[in-house]
1. Using a 1.4 Å probe on the heavy atoms of the protein chains only, list every residue of the stretch A:438-479 that has 50 Å² or more less accessible area in the complete assembly than in its chain alone.
2. Per residue of chain A, what 222 nm ellipticity follows from adding -39500 (n - 2.57) for every DSSP H run with n ≥ 4, rounded to the nearest 500?
3. Given 5 Å bins starting at zero, what is the percent of C-alpha pairs of the stretch B:261-339 in each, up to the one with the largest pair distance?
4. Given R₀ = 60 Å, what would the calculated FRET efficiency be for B:Asp104 paired with A:Ile748, taking r from the Cβ atoms and rounding to 0.05?
5. Ignore the peptide's own chain and count Cβ atoms of other chains within 10 Å of each Cβ in B:565-571; give me the average, rounded.
6. What residues qualify as long-range amide H neighbours of B:Asp368, i.e. H under 5 Å apart, gap of 5 or more or another chain, H built at 1.01 Å from N?
7. Considering only C-alpha atoms, what is the centroid distance from the stretch A:623-640 to the stretch B:665-690, in Å?
8. Using a simple charge model, +1 on the beta-carbon of Lys and Arg, -1 on the beta-carbon of Asp and Glu, nothing else, what dipole does the stretch A:397-748 show about its Cα centre, in debye to the nearest 20?
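The values are calculated or read from the model by the stated rules, or taken from the named source; none is laboratory data. Here the structure is a predicted model, which is why all the values come from computation and not from measurement. We place every Cβ from the backbone using ideal geometry, glycine too, and count neighbours over all the protein chains shown. For the accessible areas, the whole protein counts, side chains as well, though only heavy atoms, and no ligand, DNA or RNA atoms are used. Shrake-Rupley method; radii C 1.70, N 1.55, O 1.52, S 1.80 Å.
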Number of protein chains: 2
Amino acid sequence: MFKNTVVIPFFICVLFMSFNSHAQEHPKLILTTEGVQKIRAELGNVPLFDATLAMVKAEVDAEIVLGIDTPIPKDFSGGYTHSRHKLNFQTLQKAGVLYQILEDEKYAVYIKDMLFQYEAMYKDLPVHPQTRSYARGKLFWQCLNDSNWLVYVSQAYDCVYDYLSKKERKQLEKNLFRPFADFISIDNPQFYNRVHNHSTWGNAAVGMIGLVMDDDDLIQRALYGIEDDGLPVGAKDNDGGFIKTEGQEVGFLANVDEPFSPDGYYTEGPYYQRYAMYPFLIFAEALHNVRPEYKIFAHKDSVLLKSVNVLVNLSDADGDFFPLNDGQKGMSYKSPDVVTALDIAYHYGGHNPQLLSIAKEQGRVLLDDSGLAVAIGIRDGKAESFQKKSINLSDGTNGDQGGVGILRYGDEEMTLVYKYAAQGLSHGHYDKLSFSLYEKGTEILQDYGLARFVNIEQKGGGNYLKENKTWAKQTIAHNTLVQNETSHFGGKYEVGSKHHSELYFFDTSNPEVQVVSAKEINAYPGTEMHRTLALIKADNFEKPYLLDILKVESNTENQYDLPFYFKGQIMKTNFDVTAPTTLTTFGSDNGYQHLWLEAIGAPKEENTKLSWLENGHFYTLSTATTNKDELNFVRIGANDPDFNLRRDAGLVVRRKKSKNTTFVSILESHGHYSPVSEFSVNSNSIISKLEIMIDTKAYTAALIQTKSTGDKLMLILANEDSASDIEHVLKINEKDYSWKGPYAFIKIK
Amino acid sequence: MFKNTVVIPFFICVLFMSFNSHAQEHPKLILTTEGVQKIRAELGNVPLFDATLAMVKAEVDAEIVLGIDTPIPKDFSGGYTHSRHKLNFQTLQKAGVLYQILEDEKYAVYIKDMLFQYEAMYKDLPVHPQTRSYARGKLFWQCLNDSNWLVYVSQAYDCVYDYLSKKERKQLEKNLFRPFADFISIDNPQFYNRVHNHSTWGNAAVGMIGLVMDDDDLIQRALYGIEDDGLPVGAKDNDGGFIKTEGQEVGFLANVDEPFSPDGYYTEGPYYQRYAMYPFLIFAEALHNVRPEYKIFAHKDSVLLKSVNVLVNLSDADGDFFPLNDGQKGMSYKSPDVVTALDIAYHYGGHNPQLLSIAKEQGRVLLDDSGLAVAIGIRDGKAESFQKKSINLSDGTNGDQGGVGILRYGDEEMTLVYKYAAQGLSHGHYDKLSFSLYEKGTEILQDYGLARFVNIEQKGGGNYLKENKTWAKQTIAHNTLVQNETSHFGGKYEVGSKHHSELYFFDTSNPEVQVVSAKEINAYPGTEMHRTLALIKADNFEKPYLLDILKVESNTENQYDLPFYFKGQIMKTNFDVTAPTTLTTFGSDNGYQHLWLEAIGAPKEENTKLSWLENGHFYTLSTATTNKDELNFVRIGANDPDFNLRRDAGLVVRRKKSKNTTFVSILESHGHYSPVSEFSVNSNSIISKLEIMIDTKAYTAALIQTKSTGDKLMLILANEDSASDIEHVLKINEKDYSWKGPYAFIKIK
C-alpha cells in the first residue's frame, strides 16, 4: 500500500483523502493519512522533529532487539511485571508511529506479534493478584494502569490497522480490545463512572479504541459514561475519595466540564493536571480527527487548550510544578505528558509562539501533525519567551469555589503561590490559606508535597504511604494556621469537600505592590481566618519581600499555631533558644506526632527574627510577636521508622488562649554568599520594625520600617468590603488616611 | 613617562630594558616593564585576557565612583570594617594593574589617595579592638588579614612607584609600609615565625614590600624568618596549633620545605593549600622577577609548581576540593587564589596544556605575563582536557608521614578519597584511615568538613565555631573506626602530631581493581587498624563499587563504632528498625553528644543492607554483620542551640566487647530515578552475599556474590607483607589459591 501511495501525485492524493474523509482510512486517530504524507515530505528538514524521531527509533530498535516479553502480571508499581507492561505499551505506540513514518514493516511485525501475545494471554487472564486497589486491573494492579495501556495501544492498533488482515483485526477486537474496554468500564464502574483523573484515563481508553474500531457504543460510553452503574451514592475509593455523589454527570465530557474551572485550573492541582493532560488532550485530538462534529477543542470555552497555558503558569522558574495537594516534587513541564499537551495546544490552539519556547526546553515533540507544527515553528524562529505572570485562577466547575493566586515579581525572581481553593477531590490537602514562596526555582518557604515515592517499589510498592494521610495532608504540614492542634475540617474529606475559601481581592495592577487576599470561615467552625499576602518591592530593598497578614476572629479561646517551613542553615535568631537534651514530639496526633520539637524560644523583642542561608542567599523571617508567644523549632521525622519523610525544618509560632488575633510577618530575601569567593554580602535583614498599627473589625494596618533609611511604609486593609470603588477614611496616630478600594499602601514621611 | 614609552620603537625599548634588568624599573614585582609592553601590544586580541580586564575595570571603576573609605577597624570577619578593608586591598591591587595596562592616571590617583589615607590612619592605629586572636592585627582582627592586605597593596605600590614622587614614597614607606611589615613580623613572632599558612602570608607580605622597596633586611626576614623570636617552645595559637617546636626552621623557604611533601601535598589539606597558594605563588613570582638568583620555582624539586597539579587532583568532578581536615565545602579551583596559582604554574612550569582547560573553567586570568600566556594558549586552541587520575600523595616534609590515596574510575564516575596522613598541623582532624566517596561531583559517603561559616559575621564572627572542636574534628564525625567512644589520640593535638598512618600498598595498575591499603597503630595504643579500600568494576555491575575491609586487632576488649555518613532519602533496610518516641544523644562526649540516636536496628541476615536515593541515583551499603552487632541511625544536631551543624545522617555499626574483628562492607551505586519520567531503574542492590571467607593474622579474604548471575568474586589480602614479589599460597574451602604480591582478586568458577 505504501508503495502505491508514494507514487500518487500530491493533488490526487489530497483529492482522494478529501473524498474519503468520512470513510476514514487508517491511520486516523492521532496520525492521519494526510498528516503522515506531510511528515514524510518534511523529514530531514525539521531539526527537533528529526531529533525526536531518531531518539524514538533508537528506543524502539533497542526493544525489538531485546525481544517481546509479556509476563504474567504480578507486581505493584516499580516491580518488574508492572514496569515491563508499561514499557510495552509505550513501545507499541512508538513503533506504530515509526511504521507509519518510516514505512519499515519490522515495526508492524513487532506490533502484530506483541498484540497477539497479549490477545493470547488476556482471554483467560484473571484480575491482578495484588488486592490493594478499589478497582483492580488485569495487566496492572489497578484499572488506571490498564487504561493507560489501552490509550497507548489503541494508537498502535490504528497505525497497523490496514497492515493486519480483516480476520486478524476481528480476533484482536473480539478477544482483546473489546473485553479490555468492557473490563475497565462496565466491570469497574466504581473506577470508570466518576469525575476523577482515573476515570478520565478510563474514558479516553474506551473512546480511543472505540474510534479506531468505529464502535459507536464505546464512543458514547466514553463521552457520557455508563447509564446504570448500580453504584451507591457516597462510596469511596482507597485514597478516600468519593466515587459517586448525588446527580453526578459522568464520562469524558463531564470530566472536562467539572474539574476544570472556566480559567482552566484543574481542581486536583498541577501534579494531577499534568497526569490527566495526556488522556484529555490525546483523546481530544483523536475525537477532533475522527468525529470533528463534537468540536471538542471548543468545548467549555476551549478549556482544554486554555488549561495548557495554566499548567505552564503553575510551575516555578525551573519548570517544576508547584506541589499543591498531592504532588511529587520535581515533576515538571518537561514531562512527556506535557509534551503531548503542549504540542496539541499549539497546533489546535492558534499557534501561540510562547508555547514554542517551552517546547524548546522540552527538547522533543510528538511525532504527529501537532509535533511537526511545533518543530517547524521552532525551526522558523517563531519561538517567543513564555511570559509567566501574576495570575489568579478560580477553582470549581463554575469558577466560584475559591482558587489559587500566584504573585510573581520580575523574571520569577520571587513567586508566591497562595491556595484558597476547594478540597481538590481525593488528592486534596487540608491547607486552606496556605502558601509557598520561591526565588527562581528554589523553594524558600516550602509546601511539603506528598508522602510517596511514585513507582519506587521499595517504598510501599510505589504507592501512597501511610504518612501521606498522617502527615502530608494534615494542616500542620503546611504554612497555614492550625487551631488547637487539629486539622481543617477535622481532617475529614466529607466535610472539606463541601467547602472552599473565598477570594477577598486580587490586585496586581501595581507590579511593585501585588496583593492577594482571601477568607476561610468553614475550616474551624466559629473561627474566621482572613489572610492577605503582598509582594512588595520597596525602593531600598534589593528584592521584593512578602508581607503576610493573617487575621483570626473566633467565638472561643483557642491555641493557634502558625508554621513556616524553611530550608537551609539557620544563621541567627534575635531570641534565646533552648535546645532540649532529649527530643519529644510536638504533639500526638493530626501530623504533630511526626514533628520533633527541636528547640524552643521566646520572643525577646517586639519583632521575632529568624535568618537562614539557602542556596547562596540569605533570608529573614520577621514576625510581630508578643511576649506570650512561643517559638517552636520543629523537625519532620518523628514516628517514622521507615524513613518515609524528609527531615525538613519549620518554625511554628504558637499563640495560646486567644480569640481574636492577627499574625503579621515579612519574609525577606537579602544578600548572598559564595563558598568560592567567601564574600558575605548583605547578610542582615534591613527591616528594623514591623508593627500592627491598627487592628479592628474594619481595618488592619501594618507598618514596616527599614534600617538604613528609616523609611516607613504602611499597608492598610479594609477588612469588610473589598469593592474597589468604596472610599475609606481612617485615623491612625492622629493622622487621617483616605483611599479607595480594599487596600492602601502608603509611604509615611 | 607613558607617553614617551609608547612612541619608542620596540627594539629600542627591548634594548633599554635589557640594559636595565638589574637596576629594575618599576613595575617589577608581578607586572614587569617588559611584560606590560607585551600586554599592551596584545590588547584586543586575547579574548579571556580582554574579558578579565573589562571585568576588573568595571569593578574598579565602580569602586572609584563610590569613593574611598578607610574606616577605623572594629569588626570581625563578615562585619563592615573587615569587608571594607578587604575590598580596599583587592581594589588597590587591581587599580595598580589597570594603571599600568591602560595608562589612565585616574587609577594612580585613586591608589595614591587611598594609600595616604591609610598612611594617616596607620601611624597612630592601636591594635585591633577584637581580642580573640593569638596575633591581633591592626586593620583586621588578626595579623593574618593584615598580611593579606600587605601582599596585595605592595603590588599596587609597585605599580605606582614611579608615579609617586620620592618624597611621597619616603613618607609612605616610613609611616606605613615599614612599620606595617615590622608589626606583622617583629612585633608578632608568634604569628610570623612558624610553619603555618598564617606565616606564609606574613612572610610573603614582608618579602613583597621588601622587594618593592629594595629592602634587603625585609627580604631576608621574609625568606628566613626572625632570628631571635624569644618564643617559648610548645606555645599554642587559638586554634590549638603549635607555635614553636624544637629546632624549627622558619621563614618562607621553611614554609615551602616543610608542609609540602615531595609529591606536592600540603599537610593542612586542600582547603588551606588553596588559601596558601596565593602567597606561595605570588611571592615566588615576585622573587623570580626581582631576585631570580634564588631560583624559587626550582626549589625542592619544583614543589611549588607541582603542588598546583596536586591541588587540581584534590577536587571532585565539579572542581570542589575534598574537605579533608578543616575545609569549607564548596570551595573550588574556581577560587581567585587558584586562578593565580594556576596561571603562574602554567607560565613558569612549562606550559602544561591540561592546565588551560581548568583556566577555561575558571573563566578569568591574572592580569600579568602569566595570565596573558594562559589566555594566549587558550586563544590558540592549545587547551587539553585535564586528566584527573588515581593518585597517591605522600604527606610530610620527606614524604614519609603517610598520605592521601585517591582512586578514580572512568571520568570521575566514582572517586574514593582515603586519608592515612599526618595530623595536618592545627587544622587537622582526628580521622586516621577515614574515607569519603563521590559519584561525579556528588558526595555519597561524606566527610563533614569544618564547623564554620567563613566570613559570615552572624556565625561567631565568621570564625571557627566551638562545634569545630566538639564535633567536626572528632573521630566519630568521620567514616572511620571509633574505639570506646573516644577519638584517635584521645583527641589530643600534641599526641596526634607525633604520629601518622603508614601506607601498606597502593596499586592502580589494573583500572578495574584499584586498591589502597594503610595501617594505623598509634591512634589507640594497643590497637592496630588496617583498612583496605578497593574500587572494583565487575562485569555485571553498571558502575564500580567500593569494597571496604577494616581489620582491627587489639590487646583488650573494646567497643568499636564504624560510621557511614550518607546523604539522601532512605529507601529500604533488610533489618527491622525501631524508632524511639523520644530521642536521646548517642553518647555524652567526643562528638557523640552532637548525635541524636534516631533509630536502632539489629541485623536479621548475615549481610546488613541499607539503601537510599540521592540525586537521582540509588545506593546500597552492604555490611557483613553478626547478630550481636547494633545498627544505629544517627542524626547530627544534638546540643546545638545555635544551629551550627547540618542535620545530616549516618549509620553507625557498633560491635561490642571485641578484641580482634574485621568489618567488611560494600558501597554500590546502582540505577536511577527521575521525578519527571517517574521511571525507577535498577533500584535494588545486585549483591546477594558478602562474606569473610578467611581472616587470620596473615590473610583476610572477602567473597562477593551477585544476584543475577551468581558470579563469585574474591579479594584476598596478605596482611603482613606488602612486597610485590612475594609468592603466597592459601587454602580456602579446600581449594588452593596462589598469587604474588599483597592482594589477589579472583573470579571463582
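1. For the stretch A:438-479, once contacts with the other chains are taken into account, A:Ile456, A:Gln458 lose 50 Å² or more.
2. Calculated at 222 nm, the ellipticity per residue is -9500 deg cm²/dmol.
3. Computed distribution, short to long bins: 3, 16, 26, 23, 16, 9, 4, 2.
4. Numbers: r = 46 Å, r/R0 = 0.76.
So the FRET efficiency works out to roughly 0.85.
5. Whole-number average of other-chain Cβ neighbours for B:565-571 is 3.
6. none
7. Comparing the Cα centres of the stretch A:623-640 and the stretch B:665-690, I get a distance of 37 Å.
8. On the way: 37 positive and 45 negative charges, 108 e Å.
Magnitude of the dipole: close to 520 debye.
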